[in-house]
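Working notes for the structure below.
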Amino acid sequence: MRKKRRFPLLIFLLSVIACMLIACSGNEGSSTPSDNNSGTDNKKTEEKKSVELRIIGANHPWTEAIEPLIPQFEEQTGIKVKLEKYFEDQLTQKLTTEFTAGSSSIDVFMIRPLQEGKLFHLNGWVADISNYSNDQGWDISDFTESSVNSLRADDELFGIPIVTEREILYYRKDLFEENNIKVPTTFDELKEAAEKLNDPSNDFYGIVSRGQSAAAVTQFSSYLYGFGGDFIVDGKATIDTPEAIDAFNFYGGLLKDYGPPGVLNMSWPQAAGLFGQGKAAMYTDADSIYPNLLDPEKSVVGDKVGFALFPTGPEGRTPYNVTSWGVAMNEKSTHKDEAWEFMKWATSKEIILDIQKTGVPGPRQSVWDNPEGTASFPEELVQVTSESNEVGKEYDRPLVIKVNEARDMIGTVITAAINGEDVEAAAKNANKQFQELLDKEK
């Protein structure tokens, strides 16, 4: 029997081996381990590019300043941004409604840490960004201490400051020079200057500040701290202590004796308006209000306005130094890494500098030290702001959930003081109500 020829089988096997070698050769050029990682990285990049962040903000100069810069962020990161803007009260209502419903669609939002910060933190609506903030290149140490502390709770960092303000003294430079009066550096000197310059018969007054009950609480706070008082100490209401009563009497007495008629109806727009009309020698309020006093369309004394540090009280110089607005991350956001990329970019030295150039006072000391960052501010105000950044408290109202209720209670004592009523009795009554509020919140 003839043996079968095996050549066809041998040729087939050689062909298979050759194909395998060719395939392996091809893999050496396109499927090395580094190329496999590159494929994964490309996939991650594509995923990031497909992310659209939903940012909820307020109708505010900060928002107006950053909105035209957002395309830079989108180009740098590939992350898309959808910005929604609301009026302040609408913003709070919008956030509260969506967070209560467990929404995860909001990624980053503007927050007033002293107004709704405690409520949002206790409800678990804000993410702890402590780990993210350790980024060395971003440099959290450049932020003023009090601005960051406004957004801390229970050893957690729940937001980043974007807009800051401090209480200062505005005064009429021309009148102080004409009357050879020293710019007040203490509470006693403030009272003396108000008395000397008060001229109600000519519709001119020594000083103006907020006198409208709850609205006055934030500006009263710096006087309270100057007397060594506070709103709460160790969980106890302390607006009826001797220090607090002295502060109420001093603040109320200033406005009663040397303030304009109708001061009980004045929040900042009315008080700033009266000073801008040239009807008061001094005005204590937030440094962020200064544009209203210099604008020739709103003020007739713009070229005569001076800026000074808030005066020192019996227990020291302690004006509020607060974050009026910050940005926070939704705890339920499904894009936390991308959300942090936006927050980090929006609060970077470069962007804070760009925004502060528009007149929005920011939280980074390096920007205040940079001539470019202060070019749009009056030179005297820059000096006052920089010095104020080193002192003060990070809150200008009680840190409670029901902030508005607390301010209403404290405001009744301010009103009593301006009216010349029994301040001690009013303070004890308000303190009792305030303590009940604190107990309920526990």
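Bear in mind that the values in this text are calculations on the coordinates, not laboratory data. None of these values were measured; they are calculated from a predicted model. Here the Cβ positions follow ideal geometry from the backbone for every residue, glycine too, while neighbour counts run over all protein chains shown.
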Between helix 88-100 and the chain: long-axis angle, C-alpha atoms, 0 to 90°, nearest 10: 50 degrees
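Once you wrap a convex hull around the alpha carbon atoms of region 130-189, what is its projected area averaged over all directions, in nm²?
The Cα convex hull of region 130-189, projected and averaged over all directions, gives 6.9 nm².
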Spin-label proximity, Asp154 to region 116-135 - amide N less than 17 Å from point 7 Å beyond Cα toward beta carbon: 116-131
Compactness of region 268-392, expressed as Rg and Dmax over alpha-carbon positions, Å: 17.3, 54
DSSP bridge orientation in the chain - percent antiparallel, rounded to nearest 5: 70 percent
Long pairs among Lys85/Lys357; Lys82/Lys357; Lys236/Lys344; Lys182/Lys236; Lys118/Lys349; Lys118/Lys304, criterion Cα-Cα beyond 32 Å: Lys236/Lys344; Lys182/Lys236; Lys118/Lys304
15 Å Cα-Cα reach of Lys428 towards aspartates and glutamates, excluding residues that sit fewer than 8 places from it in its own chain: Asp230, Asp240, Glu243, Asp246, Asp408, Glu436
In degrees, nearest ten, helix 336-346 long axis to first principal axis of the chain (Cα): 50 degrees
Highest-first arrangement of 127-139, 170-182, where packing means the average Cβ count within 10 Å: 170-182, 127-139
Net charge of neighbours whose Cβ lies under 15 Å from the Cβ of Gln136, counting Lys and Arg as +1 and Asp and Glu as -1: -1
Acute angle (nearest 10 degrees) that the helix 7-30 long axis makes with the longest principal axis of the chain, alpha-carbon atoms: 20 degrees
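Based only on Cα atoms, what Rg/Rh ratio does the chain have, Rh being taken as Kirkwood's radius?
So for the chain, dividing Rg by the Kirkwood Rh gives 1.22.
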Alpha carbon centroid spacing (whole Å) that separates region 250-297 from region 53-129: 32 Å
Within a Gaussian network of the chain (alpha carbon springs, distance under 10 Å), most fluctuating of Gly206, Gly262, Gly124: Gly262
Amide H within-cut-off set for Ile232, under 5 Å, with H built and near neighbours excluded: Thr238
For region 71-85, Karplus couplings with θ = phi - 60° (6.51, -1.76, 1.60), whole Hz, Gly/Pro x: x, 4, 4, 4, 5, 5, 10, x, 8, 8, 10, 10, 9, 10, 10
